[in-house]
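Derivation of every value follows stated rules applied to the coordinates shown; laboratory data play no part. Not measured: the values here are computed from a predicted model. All Cβ positions, even for glycine, are placed from backbone atoms using ideal geometry, and neighbour counts span all protein chains on display.
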Amino acid sequence: MIPYASFFYFGLLLYPLVIGLVLAWFGKLTPGILLGLTVAMVVVQYSRIQAEGPNAFDKVWAVAGFALYQLAIASAFLQVRQRLQSKPAFWFAIILSLLPLALVKVVPTNAGVTLIEFVGVSYVTFRSLDVIIGIEDRLITALSSRQYVLFLLFFPAVSSGPIDRFRRFAGDLAQPRTRQILLADVDSGVQHIMRGFAYKFLVAALIKSHWLEPAESAHGMWSTISYMYAYTLYLFFDFAGYSAFAIGIGSMLGIRTPENFRLPFLARNINDFWNRWHISLSTWFRDHVFMRFMLAATRGKWFRSREVASVAAFYVTFLLMGLWHGVALRYVVYGLYHATLLSVHNVFGRWRRKHGKGEAGLGWEVASTALTFQLVCFGLLIFSGRLG
Amino acid sequence: MPVNSERRLSIAERVIEVLAEVAEDNVVRTDPDIPLFEQDVLDSLRTVDLILALTKEFGVDISPAELDRSLWATPKHIVAFMEAKVGV
């Protein structure tokens, strides 16, 4: 069953929510119970009632197998890391952890790998990689299986994020909630859920039926331009709405997942945009790919200048981010497009700083924001696949 | 203890010195509460430089994975982070 897509789902959601809130009120919502609620909801979300016979639960088994596989890798790597630091061991753990996602994305769909595929596999993989990187950097020195599986499969966010970080998540689990904090969490939860309904079921649904779908079926340059804006706005309201549901439900259960969108269309430049759009994914790439690459490149003197290193880091980061969405030409082009924009922005920004062009006027700000929006929309047009 | 507080002061001063150099901005010396990322004093690239410079200055490992931007939001935050790291 697709989460947050039908009123039947929201009805079912009331069970873990009411149980969780009542227990939390009496201070009895332990990580163990939270794991129990998560397992129950994962079974609900991944079973296919309509399917006949043995197929009804195959995705549940795929999720369970995936979680145990990742747990085994993380635990084994933790054992190794406690004894020695070994780059090959680290990369081996990363490759093993990426393997199911890579198989699902690369191998053609009819080759039997569909058995291990499930909705959200790319999001969950990134959570497991976060743990491996944390172990490598000695930020994670102990791992409880219960906590790990709960982090990986936490049901409000399992299917499409936000991609939480293990240490942040574990911090929330460890924090006792007073009734006052609980009420504040519920308040935040209700507000997020209301925003989710408004964004997803009102704005996104209206854009889809009255603008996106008519533009999709029309041909010609003007309808493509119209489609570009419709697609951008639809994607934002649908995904931000979904994220608001996930964050809201999580908050009620004591997990304060960070925001995934922060008024992205008001971004002043492309760099600012990536601090506001799909934040949990962009910060994951920023911390785990971009900054690691820059650190390694600077320490190892891989490039003759810092500028060249940063341009290389942008391309590596955004190429991988493009591929994360799927192995298709349009995602690769989308990644390269954004890497190019960021490189240009970065070089231009350095030039401005060097020549003492500090504060920009209001006119510049407005023009820059409008231009950023246009560039972002065009990027999503590439992403949508309409250009072929 | 006076000795201890002197040591704390010197770590704070060293952090601010490194930060001012990396950010190429003296505002960090005068305003310990300036939101570094919001005000564009720091971005990802300069954060990398800062990690390298602080690692060199204090001889401790800093992982980009531990830099929650809320932890490094202001000069004051970075000082507190480094004090905890160096173990004052």
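How would A:PHE26, A:PHE197, A:PHE166, B:PHE37 line up from fewest to most surrounding beta-carbon atoms within 10 angstrom? Mind showing how you got there, number by number?
Numbers: A:PHE26 8, A:PHE197 14, A:PHE166 24, B:PHE37 17.
With the sparsest Cβ surroundings first, the list reads A:PHE26, A:PHE197, B:PHE37, A:PHE166.
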Fewest to most Cβ atoms within 10 Å: A:PHE8, A:PHE373 sort as A:PHE8, A:PHE373
A student asked for the Cα radius of gyration and Dmax of region A:329-388 in angstrom ought to give 14.3, 43
Going from the fewest other Cβ atoms within 10 Å to the most, one would list A:TRP211, A:TRP277, A:TRP222 as A:TRP222, A:TRP211, A:TRP277
Placing each pseudo-label 7 Å from Cα in the direction of the beta carbon, B:VAL27 and A:ARG262 end up separated by a distance in nanometres of 1.6 nm
Placing each pseudo-label 7 Å from Cα in the direction of the beta carbon, A:LEU98 and A:ALA5 end up separated by a distance in nanometres of 2.9 nm
Straight-line reach check, A:LYS208, cutoff 23 Å on alpha carbons, 8 or more apart in-chain or any other chain, hits among lysines -> A:LYS200
Karplus-derived 3J(HN,Hα) from phi for region A:211-227 (6.51 cos²θ - 1.76 cosθ + 1.60, θ = phi - 60°), whole Hz, x at Gly and Pro, runs 10, 5, 5, x, 5, 5, 7, 7, 10, x, 5, 5, 6, 5, 5, 4, 4
Residue-normalised 222 nm signal for chain A, counting each DSSP H run of n ≥ 4 as -39,500 (n - 2.57), nearest 500 deg cm²/dmol, is -22500 deg cm²/dmol
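Can you give the FRET efficiency for A:ALA56 and B:GLU83, using 1/(1 + (r/R0)^6), R0 = 41 Å, r = Cβ-Cβ distance, to the nearest 0.05?
Here the calculated transfer efficiency is 0.15.
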As straight-line cross-link partners of A:LYS59, the qualifying lysines (C-alpha separation under 17 Å, not fewer than 8 residues apart within one chain) are A:LYS105
Chain A: relative contact order from alpha carbon pairs under 8 Å, six or more residues apart, as a whole percent, is 14 percent
Under the 7 Å Cα-to-Cβ spin-label approximation, A:ALA142 and A:VAL107 lie apart by a distance in nanometres of 3.9 nm
Looking only at aspartates and glutamates whose Cα falls under 19 Å of A:LYS354's and that sit 8 or more positions away or on another chain, we get A:GLU307, B:GLU21, B:GLU24, B:ASP25, B:ASP40, B:ASP43, B:ASP49
A chain fully extended from A:THR30 to A:HIS219 at 0.36 nm per residue, minus the present Cα-Cα distance, gains in nm 62.5 nm
Result row for chain B, helices from DSSP H with C-alpha axial extent 24 Å or more and mean Kyte hydropathy at least -0.5, is B:2-23
In whole Å, largest first, the alpha carbons of the protein assembly as shown cover along the principal axes 71, 59, 47
